[in-house]
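Participant: To start, I am sharing the structure in question, which I have written as structure tokens.
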Amino acid sequence: MTQTLTIRRPDDWHLHLRDGAMLEGVLPETARHFGRAIIMPNLVPPVVTADDARAYRDRTLAAVPAGMAFEPLMTLYLTETTDPGNVAAAHAAGLITAVKLYPAGATTNSASGVRDIDRVMPVLETMAEIGLPLCIHGEVTDPAVDIFDREEVFLDTVLDPLRTRIPELKVTLEHVTTAQGVDYVTAAEGDIAATITTHHLMINRNHILAGGIRPHYYCLPVAKRATHQQALRKAAVSGNPRFFLGTDSAPHADPTKESACGCAGVFSATNTLSCLAHVFEEEGALDRLEGFTSRFGPARYGLAPADTTITLEKRDDPVAYPAKIDTGAGPVTVFDPGHPLFWHVTA
Ligand code: DOR
Ligand code: ZN
């Protein structure tokens, strides 16, 4: 008997669409299955003002193919010169859903990020007052800290002190990758949540490094050891509404990944839902998939869940998806979970 699963249309609470030809190439991959997504602002130059966000939203909407409905939820890139008044105005105008904090140098296009958190306190205080969430890339950038420890150190040295200083600030710890991150978000008092990516549920650091180096699995935060992957899986299927999907699907053209110094980012928009159904089935938690993909995120951001649905069907034949998609900015390799997927998105 064919197994089917109908869930409210998912939303992606952490997505990179880029701009120009790349935006046009990758947006349909998300819009095919997702109703809304939080759009990351790390363009070159970054999306820092209300005007930038409006213009980027318009370019994004213009790239939605005819016949597809997709709502981009915009974010501002927090810099040390961000004006609290401009952020509040963007929020009041309904232009933005969150602000993103990148520690300077933590990842792709983060050079304009925050070096000294004291310098952004006025913006963060304003955000706490108006109830605007802060999405955080939670890694320290100190070169002395091992790359596999950068999230854990961030929790103790940046996140927890920040939340003590401004307990009312709504915080989303983006792409959590460690058991320590999961434990922190589970136990913390106050308004905190975390997104989990598809790929961090399916790979650990062995997949990147054992038996050859796999640049298409390299992302930031880098995947940790298998025990952390297990903690993420447990959190994702737990039914705890503090944990929900943010794919961090992050396209880079193949030559920039397959390089002596490759970019960080996994592009998973194309097959994310088939991957997630696979993971949730493995965990015996298919009944929890809808919460993770479609309910907890909207609740967190004060939005209603989608009133439309998608249907997944488990078939004997594997899902056929391309190894790469062609974009006007070059080919982009699709996340390879390393095994076939049998959950087809059928409607
Ligand atoms: O792997 C990543 N890629 N992590 C990030 O934080 C940024 C992203 C990107 O923009 O490519
Ligand atoms: Zn990201």
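The values are calculated or read from the model by the stated rules, or taken from the named source; none is laboratory data. It should be emphasised that the depicted structure is a prediction, and the values quoted were computed from it without experimental measurement. Every residue, glycine as well, gets a Cβ built from its backbone with ideal geometry; the counts of neighbours run over all protein chains shown. To get the accessible areas, we keep the full protein, side chains included, count just its heavy atoms, and leave off ligands, DNA and RNA. Shrake-Rupley method; radii C 1.70, N 1.55, O 1.52, S 1.80 Å.
Participant: For segment 63-94, how many residues meet the condition of being hydrophobic (A, V, I, L, M, F, W, C), within 17 Å of Gly20 (Cα to Cα) and in a loop (DSSP other than H, G, I, E, B)?
Facilitator: So the count comes out to 2.
Participant: Just the residues that are in a loop (DSSP other than H, G, I, E, B) and surrounded by fewer than 18 Cβ atoms within 10 Å (Cβ to Cβ), please, taken from segment 315-335.
Facilitator: Arg315, Asp316, Asp317, Pro318, Ala320, Tyr321, Pro322, Ala323, Gly328
Participant: Only one of these conditions is not met by Phe342: (1) aromatic (Phe, Trp, Tyr); (2) under 22 Å from the mean Cα position of the chain (by Cα); (3) over 18 Å from Ala236 (Cα atoms). Which number is it?
Facilitator: (2)
Participant: Among the helices (runs of 4 or more DSSP H) confined wholly to segment 212-295, which include 2 or more residues that are of a type in the set (Val, Ile, Thr) and either within 16 Å of ligand 2 (Cβ to nearest atom) or within 27 Å of Gly35 (Cβ to Cβ) (or both)?
Facilitator: 272-282
Participant: For segment 116-127, which positions are open to solvent by 10 Å² or more (accessible area, probe 1.4 Å) and either among the aliphatic types (A, V, I, L, M) or touching a residue at least 12 places away in the same chain (Cβ under 8 Å) (or both)?
Facilitator: Result: Asp116, Ile117, Arg119, Met121, Pro122, Glu125, Thr126.
Participant: Exactly one condition in (1) touching a Phe, Trp or Tyr at 6+ places or on another chain (Cβ under 7 Å); (2) open to solvent by 10 Å² or more (accessible area, probe 1.4 Å); (3) within 15 Å of ligand 2 (Cβ to nearest atom) is false for Val44; which is it?
Facilitator: Tallying (1) touching a Phe, Trp or Tyr at 6+ places or on another chain (Cβ under 7 Å); (2) open to solvent by 10 Å² or more (accessible area, probe 1.4 Å); (3) within 15 Å of ligand 2 (Cβ to nearest atom), Val44 fails exactly one: (1).
Participant: Pairs only if they're at least six apart or on different chains, beta carbon under 6 angstrom, first in segment 35-60 and more than 27 Å from Ile7 (Cβ to Cβ), second more than 16 Å from ligand 1 (Cβ to nearest atom) and of a type in the set (S, T, N, Q); list them, first residue then second.
Facilitator: Every condition considered, the pairs that remain are Val48/Thr79; Thr49/Asn86; Ala50/Asn86.
Participant: Could you check Glu168 against (1) open to solvent by less than 10 Å² (accessible area, probe 1.4 Å); (2) more than 16 Å from ligand 2 (Cβ to nearest atom) and say which number it fails?
Facilitator: Going through (1) open to solvent by less than 10 Å² (accessible area, probe 1.4 Å); (2) more than 16 Å from ligand 2 (Cβ to nearest atom) one by one, Glu168 breaks only (1).
Participant: So, in segment 238-259, exactly how many residues are buried (at least 24 other Cβ atoms within 10 Å of the Cβ), among the hydroxyl-bearing types (Ser, Thr, Tyr) and either near ligand 1 (Cβ under 10 Å from one of its atoms) or farther than 24 Å from Leu43 by Cα (or both)?
Facilitator: 1
Participant: Return the only residue of Ile130, Ile136 being out of contact with any Gly (no Cβ under 8 Å at 6 or more places or on another chain) and surrounded by fewer than 18 Cβ atoms within 10 Å (Cβ to Cβ).
Facilitator: On inspection, the qualifying residue turns out to be Ile130.
Participant: Then there's this: Does Val64 qualify as being crowded, with 22+ Cβ neighbours inside 10 Å and either within 16 Å of ligand 1 (Cβ to nearest atom) or β-branched (Val, Ile, Thr) (or both)?
Facilitator: no
Participant: Is it true that some residue in segment 154-167 is touching a residue at least 12 places away in the same chain (Cβ under 8 Å) and over 21 Å from Ala98 (Cα atoms)?
Facilitator: Checked against the condition, which is being touching a residue at least 12 places away in the same chain (Cβ under 8 Å) and over 21 Å from Ala98 (Cα atoms), segment 154-167 yields at least one hit.
Participant: Being open to solvent by 30 Å² or more (accessible area, probe 1.4 Å) and either closer than 24 Å to Val222 by Cα or within 12 Å of ligand 1 (Cβ to nearest atom) (or both) is the requirement here; does Ala144 meet it?
Facilitator: The answer is yes for Ala144.
Participant: Return the only residue of Thr97, Thr60 being part of a helix (DSSP H, G or I) and modelled with pLDDT of 95 or more.
Facilitator: Thr60
Participant: Hey, another quick one. Quick check: anything in segment 219-234 open to solvent by less than 30 Å² (accessible area, probe 1.4 Å) and of a type in the set (Gly, Ala, Ser)?
Facilitator: Yes, because at least one residue in segment 219-234 is open to solvent by less than 30 Å² (accessible area, probe 1.4 Å) and of a type in the set (Gly, Ala, Ser).
Participant: A further question follows. How many of the residues making up segment 293-314 are surrounded by fewer than 19 Cβ atoms within 10 Å (Cβ to Cβ), hydrophobic (A, V, I, L, M, F, W, C) and out of contact with any helix residue (DSSP H, G or I) (no Cβ under 7 Å at 6 or more places or on another chain)?
Facilitator: The number of residues fulfilling the criteria is 2.
Participant: Right, here's the next one. I need the full set of residues from segment 172-188 which are away from ligand 2 (no atom under 16 Å from the Cβ) and either modelled with pLDDT under 95 or not charged (D, E, K, R) (or both), in order please.
Facilitator: Thr178, Ala179, Gln180, Val182, Tyr184, Val185, Thr186, Ala187, Ala188
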